[in-house]
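**Q** Just dropping this structure here.
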Amino acid sequence: MIRLHTFAPFLGTPDASPFVVKAMLLLKLAGLDYEERRDNPLGAPRKLLPYIEDEGEVVPDSSLIRAHIEKKYGFDFDAHLGAERKALAWAVERMCEDHLYFALLHLRWMEPGNFDKGISMLFKGLPAPARPLVKRLLIRSNGRRLHGHGLGRLSEAERVQQACRDLESLAVLLGERPYFGGEQPCGADATVFGFVTGLITPPLSSPIIDAGRRHPKLVAYRDRINARYFPGAESG
Ligand SMILES: N[C@@H](CCC(=O)N[C@@H](CS)C(=O)NCC(=O)O)C(=O)O
């Protein structure tokens, strides 16, 4: 059976990482059984989660996991999409993973109140004396990632404005469809869901979260996917 390496469920979401949630939903959409192994990124092939092990083959990165499923199991996530919607799906995934992700990273790691209520809990498994040092090191390393990306150099108002535009775009592009893929989910739904639930579900504080929760379409989308694929997930 496929083994998916994960962090852990996080404040009403299936995992702390939107990329892990994406991989979970991709496996579910493809109808593949898998088991979860709680892990940390240090043992991962690229020092990032998720990764999978599939009959001895190790596949890192959620997009490579998708490509692996498509190739090995002959499952086409986007079989029902036309060329234009497929192109839009790719653009939407990139917006989530390469832009909105950094807004999420910032609010979870760089905003102390949120860090204490959220990510900080993931360190409970570490020996108490090691926790402050590991937290400081990871906060510093995520600060460097944010600076390198550029989003970390924006003012609070600029960052919020850009992330809110991402969320607005997701809501507009979803439109009246139940899924981004239309009547049935497509591959991009795995990504969009990972980010939407990761932003609007955990009870953290940010104008970005508030903006996401003010989009009834995004809230209904999160609830619809939870009900179908993650029964038991909270809808905070
Ligand atoms: N491109 C990767 C991104 C995965 C990623 O950024 N994972 C983060 C968690 S959201 C991680 O493992 N971070 C560990 C670290 O930065 O040390 C994918 O799609 O899987």
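The values are calculated or read from the model by the stated rules, or taken from the named source; none is laboratory data. As the structure is a computational prediction, the values presented were derived from the model and not from experiment. Note that each Cβ is placed from the backbone with ideal geometry, even for glycine, and that neighbours are counted across all protein chains shown. Quick note on the areas: whole protein, heavy atoms, side chains included, nothing else; ligands and nucleic acids left out. Shrake-Rupley method; radii C 1.70, N 1.55, O 1.52, S 1.80 Å.
**Q** Could you please find all residues in the stretch 48-96 being assigned to a helix (DSSP H, G or I) and in contact with a strand residue (DSSP E or B) (Cβ under 6 Å, 6 or more places away or on another chain)?
**A** Matches in the stretch 48-96: I65, H68.
**Q** Also, I was wondering about something else. Select from the stretch 28-42 the residues that are touching a residue at least 12 places away in the same chain (Cβ under 8 Å) and farther than 15 Å from I2 by Cβ and write down the one among them that is nearest to the ligand (Cβ to nearest atom).
**A** N40
**Q** Identify, from the list I69, I65, the residue that is within 16 Å of A190 (Cα to Cα) and either surrounded by fewer than 17 Cβ atoms within 10 Å (Cβ to Cβ) or away from the ligand (no atom under 13 Å from the Cβ) (or both).
**A** Only one candidate passes the filter, namely I69.
**Q** Could you please give the count of residues in the stretch 117-137 that are within 26 Å of D166 (Cα to Cα) and either out of contact with any Ser or Thr (no Cβ under 9 Å at 6 or more places or on another chain) or open to solvent by less than 40 Å² (accessible area, probe 1.4 Å) (or both)? It would help to see each step written out before you state the result.
**A** Narrowing the stretch 117-137 to residues within 26 Å of D166 (Cα to Cα): 117-119.
If we keep only those that are either out of contact with any Ser or Thr (no Cβ under 9 Å at 6 or more places or on another chain) or open to solvent by less than 40 Å² (accessible area, probe 1.4 Å) (or both) as well, we get 118-119.
Final tally of qualifying residues: 2.
**Q** Quick check on L25: is it without any contact (Cβ under 8 Å) to a residue 40 or more places away in the chain and assigned to a helix (DSSP H, G or I)?
**A** no
**Q** Determine whether the stretch 151-171 contains at least one residue that is among the small types (G, A, S), within 12 Å of the ligand (Cβ to nearest atom), open to solvent by 40 Å² or more (accessible area, probe 1.4 Å) and assigned to a helix (DSSP H, G or I). If you could, list the steps in order and put the result at the bottom.
**A** Here is the first cut: in the stretch 151-171, the residues among the small types (G, A, S) are 152, 155, 157, 163, 169, 171.
When the remaining residues are screened for being within 12 Å of the ligand (Cβ to nearest atom), the result is none.
No, the conditions are met nowhere in the stretch 151-171.
**Q** Go through the stretch 105-144 residue by residue and tally those that are in a loop (DSSP other than H, G, I, E, B) and within 15 Å of the ligand (Cβ to nearest atom).
**A** 2
**Q** Just checking, does the stretch 11-18 include any residue being in a helix (DSSP H, G or I), within 15 Å of the ligand (Cβ to nearest atom), within 23 Å of N226 (Cβ to Cβ) and open to solvent by less than 50 Å² (accessible area, probe 1.4 Å)?
**A** yes
**Q** Every residue in the stretch 48-62 that is within 17 Å of the chain's Cα centre (by Cα) and more than 6 Å from the ligand (Cβ to nearest atom), please.
**A** Y51, I52, P60
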